[in-house]
Each structure stands twice: as structure tokens, then as C-alpha cells.
Amino acid sequence: MPKDVGLAWLACTNPGHVCSGIYQNGPMIGEMAVDTLISLIERHERGLPAQATTLMVEGQWNPGKTLRPLSA
């Protein structure tokens, strides 16, 4: 790898990692989860919400070294 086969990870552990793929930013996801939980507690919200919501942390491409170069 990457001579014969290129490989991309769906969850690189940190930016600048040797693996090519998506860095999902686990620390920021954790921070957002804690912030959301604290907000729910402060508003005295309990149980399932009437309307589901989604929080998203956009992944970042990590070029790494596990993909083959583009062929001409």
C-alpha cells in the first residue's frame, strides 16, 4: 500500500495522520455532546424530544500517504 492498492479510512484519528481519509474530529464531537447535554439539563428537559434534531461536525479530508497517485 499504496503501490498496488489505495486505502482511505472513514475515521482517521488525527489530522496529519499517515492514513488517508476523513478526520471526524472526535474531540469536537464530544464537546458538542456535553454542551447539548448541559443545555437539556438546564432547561429541565427530559425524555424523548417531540422533534428529533441533528448536530453535525463536518469531517476534514486528511491526505495521508495511503492513496495511489492519480494515473494520467
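Look at the stretch 43-57: where a residue is over 26 Å from ASN25 (Cα atoms), no partner that is loosely packed, with under 10 Cβ neighbours inside 10 Å and at pLDDT below 95 sits 6+ places away or on another chain with Cβ atoms under 9 Å. Selection of the stretch 13-45 for residues being assigned to a loop (DSSP other than H, G, I, E, B) and among the charged types (D, E, K, R) yields ARG43, GLU45. Considering only the stretch 15-34, I want to know if a residue exists there that is at negative phi, open to solvent by 100 Å² or more (accessible area, probe 1.4 Å), without any contact (Cβ under 8 Å) to a residue 40 or more places away in the chain and of a type in the set (Gly, Ala, Ser). No.
If only one of LEU10, LEU55, LEU48, LEU67 is of a type outside the set (Lys, Arg), outside any loop (DSSP other than H, G, I, E, B) and open to solvent by 60 Å² or more (accessible area, probe 1.4 Å), which one is it? Only one candidate qualifies: LEU10.
The values are calculated or read from the model by the stated rules, or taken from the named source; none is laboratory data. Quick caveat, the model's predicted, so the values are computed rather than measured. Heads up, the Cβs are rebuilt from the backbone with ideal geometry, glycines too, and the neighbour counts pull from every protein chain shown. Areas reflect the complete protein model, heavy atoms only, side chains present, ligands, DNA and RNA absent. Shrake-Rupley method; radii C 1.70, N 1.55, O 1.52, S 1.80 Å.
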